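Please read through the structure below; I'll follow up with questions.
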Amino acid sequence: MANSKLYKGSLNTIILKLLDEQGKMYGYEITQKVKALTKGELKITEGALYPALHKLEAEGLLEVEVAKVDNRLRKYYKLTEQGEKETVNRLAELEDFIRSMQQLVNPKWSIS
Amino acid sequence: MKLSENQIEELFVFVRKHYVEHYDLHMELVDHLADGIEVQWLENPKMSFKEARQKEFKKFGVCGFSDIIEKRRRAMEKRYYKNIFKFYKEYFKIPKIVLLVTLTLLTFLCIRLLPDDYKTYFVLAGVLVSVVVMTFRSIKNYRFYRKKIGIEKRWMFEENIYNFGNVISIVMLPIHIINPLMNAQSLALNNIYLELGLAFFTVSIVLLSYIMIYVIPSKAQELLSETYPEYKLV
């Protein structure tokens, strides 16, 4: 997607939704998963992903787990209990937003 | 193809050269770069390590790691403030609430008994003592912390614990609030509710300082393990 500004406000929700589905993920995996799911249309930049992950962690929505993989340590993120509840709320908000945008972009005129 | 131990070590040097000073970020960024390089080698096994590393680094944009560092710092400060608040909240539960109420009432009595002209000085003194102790402690802590640089791993949250999350500027804020009061002291300070409020405010400032200066540093290891699951692993 050429205009990354369009999804910036939804980045946190995208991360929460992915973690809700996948259980636990690490940074690189998230970027690749989004790329694969959107067939390369949407690319989460590294410069945006980590600040978002760290912010969600500071808010108590994510917790981290560390495991040794190959010859290095890997940091996995997963939802906290509070994060699971927040995912439901934020997804509902995003769906409302998408519906409103659809109405704005493609209004269905009706004669009442 | 997987990265060797030496190449991982080179990646640590690489991120350090790009102004990433804290281990909590080193680990994550090294793993990210390593993953990217390994994927590149799958597509193009002949690509050199340095070329693949450069290609991955470019994905972080023109600012490199600086935006990530800045936002991480803010996230860690937020975590620190949350911890202060967590310890402060304990003073509103039994048994510590007894101490909070007793101290507030004693301070209130002092304010009540003092002549009007000296009331604000009393509050100001409480705040100033906290700020002065905190400033001296932070200088001492900083010296202690500097000795670690280059020898031990640095953690962003640990830095917040020892420099009080750069909170000294915030602690100075009450002085700005009290200043106008100094000028209008006789006007409002006969009010019993205001005096009670000032007593609670003074006790809270002293308590918050106590939490930052003594309570949190004494629990540093515990809090660091809680913040970083990797703390005990490295």
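The values are calculated or read from the model by the stated rules, or taken from the named source; none is laboratory data. Model, not experiment: these values are computed from the prediction. Note: ideal-geometry Cβ built from the backbone for every residue, glycine included; neighbour counts use all protein chains shown.
Limited to the range A:1-26, what total is found for residues that are modelled with pLDDT under 85 and either within 18 Å of residue A:83 (Cβ to Cβ) or in a loop (DSSP other than H, G, I, E, B) (or both)? Spell out how you get there, then give the answer.
Within the range A:1-26, the first condition is being modelled with pLDDT under 85, and the residues that meet it are A:1-10.
Now narrow it down to the ones that are either within 18 Å of residue A:83 (Cβ to Cβ) or in a loop (DSSP other than H, G, I, E, B) (or both): A:1-4, A:9-10.
Looking only at that region, the number is 6.
Then there is this: Residues in the range A:65-75: is at least one in a helix (DSSP H, G or I), of a type outside the set (Gly, Ala, Ser) and modelled with pLDDT of 90 or more?
At the first step, the residues of the range A:65-75 found to be in a helix (DSSP H, G or I) are none.
No, the range A:65-75 contains no residue that is in a helix (DSSP H, G or I), of a type outside the set (Gly, Ala, Ser) and modelled with pLDDT of 90 or more.
Also: Here are some conditions: (1) within 9 Å of chain A (Cβ to nearest Cβ); (2) free of Cβ contacts under 8 Å to residues at least 60 places away in the same chain. Residue B:79 meets all but one. Which one does it not meet?
All conditions are met except number (2).
Residues being touching a residue at least 40 places away in the same chain (Cβ under 8 Å), within 8 Å of another protein chain (Cβ to nearest Cβ) and charged (D, E, K, R): count how many of those fall in the range B:19-72.
1
I'd like the full set of residues that are surrounded by fewer than 16 Cβ atoms within 10 Å (Cβ to Cβ), in contact (Cβ under 8 Å) with a residue 60 or more places away in the chain and touching a Leu at 6+ places or on another chain (Cβ under 8 Å), limited to the range B:207-234.
Answer for the range B:207-234, where residues must be surrounded by fewer than 16 Cβ atoms within 10 Å (Cβ to Cβ), in contact (Cβ under 8 Å) with a residue 60 or more places away in the chain and touching a Leu at 6+ places or on another chain (Cβ under 8 Å): just B:234.
Please tell me if residue B:219 is modelled with pLDDT of 85 or more and of a type in the set (Lys, Arg).
yes
Answer yes or no: is there a residue in the range A:27-43 that is of a type in the set (A, V, I, L, M, F, W, C), in a loop (DSSP other than H, G, I, E, B) and touching a helix residue (DSSP H, G or I) at 6+ places or on another chain (Cβ under 8 Å).
Yes, the range A:27-43 has at least one match.
Right, another one. Where residues in the range A:73-102 are charged (D, E, K, R) and surrounded by 13 or more Cβ atoms within 10 Å (Cβ to Cβ), which of them is farthest from residue A:20 (Cα to Cα)?
Among residues in the range A:73-102 that are charged (D, E, K, R) and surrounded by 13 or more Cβ atoms within 10 Å (Cβ to Cβ), the one farthest from residue A:20 (Cα to Cα) is A:74.
So which residues in the range A:65-88 are at the interface with another protein chain (Cβ under 8 Å from one of its Cβ atoms) and either within 16 Å of the chain's Cα centre (by Cα) or of a type in the set (D, E, K, R) (or both)?
A:65, A:68, A:70, A:72, A:74, A:75, listed by residue number.
Condition test on residue A:57, is it within 14 Å of another protein chain (Cβ to nearest Cβ), acidic (Asp, Glu) and surrounded by fewer than 19 Cβ atoms within 10 Å (Cβ to Cβ)?
no
Mind counting the residues in the range A:9-50 that are of a type in the set (Asp, Glu), out of contact with any Phe, Trp or Tyr (no Cβ under 7 Å at 6 or more places or on another chain), without any contact (Cβ under 8 Å) to a residue 24 or more places away in the chain and surrounded by 14 or more Cβ atoms within 10 Å (Cβ to Cβ)? Can you show your working first?
Just the residues of the range A:9-50 that are of a type in the set (Asp, Glu), to begin with: A:20-21, A:29, A:41, A:46.
Applying the additional criterion that residues be out of contact with any Phe, Trp or Tyr (no Cβ under 7 Å at 6 or more places or on another chain) yields A:20-21, A:29, A:41.
Keeping just the survivors that are without any contact (Cβ under 8 Å) to a residue 24 or more places away in the chain gives A:21, A:29.
Now restrict to residues that are surrounded by 14 or more Cβ atoms within 10 Å (Cβ to Cβ): A:29.
Residues in the range A:9-50 being of a type in the set (Asp, Glu), out of contact with any Phe, Trp or Tyr (no Cβ under 7 Å at 6 or more places or on another chain), without any contact (Cβ under 8 Å) to a residue 24 or more places away in the chain and surrounded by 14 or more Cβ atoms within 10 Å (Cβ to Cβ): 1 in total.
Still on this model: For the subset of the range B:4-41 comprising residues that are in a loop (DSSP other than H, G, I, E, B) and in contact with a Lys or Arg (Cβ under 8 Å, 6 or more places away or on another chain), which member is modelled with the highest pLDDT?
In this case the residue turns out to be B:22.
Among the residues of the range B:85-102, is there at least one that is within 11 Å of chain A (Cβ to nearest Cβ) and either of a type in the set (Asp, Glu) or touching a residue at least 12 places away in the same chain (Cβ under 8 Å) (or both)?
No, there is no match, as no residue in the range B:85-102 is within 11 Å of chain A (Cβ to nearest Cβ) and either of a type in the set (Asp, Glu) or touching a residue at least 12 places away in the same chain (Cβ under 8 Å) (or both).
Another one. Identify, from the list B:114, B:99, the residue that is exposed (fewer than 14 other Cβ atoms within 10 Å of the Cβ), assigned by TED's automatic domain parsing to the domain that holds residue B:151, closer than 30 Å to residue B:207 by Cβ and not basic (Lys, Arg).
Sole residue among the options that is exposed (fewer than 14 other Cβ atoms within 10 Å of the Cβ), assigned by TED's automatic domain parsing to the domain that holds residue B:151, closer than 30 Å to residue B:207 by Cβ and not basic (Lys, Arg): B:99.
Still on this structure, please answer the following. When residues of the range A:29-48 are filtered for being facing another protein chain (nearest Cβ under 9 Å) and among the hydrophobic types (A, V, I, L, M, F, W, C), how many remain?
1
Inspect the range B:165-174 for any residue being in contact with a helix residue (DSSP H, G or I) (Cβ under 9 Å, 6 or more places away or on another chain), part of a helix (DSSP H, G or I) and modelled with pLDDT of 65 or more and give the result as yes or no.
Within the range B:165-174, one or more residues are in contact with a helix residue (DSSP H, G or I) (Cβ under 9 Å, 6 or more places away or on another chain), part of a helix (DSSP H, G or I) and modelled with pLDDT of 65 or more.
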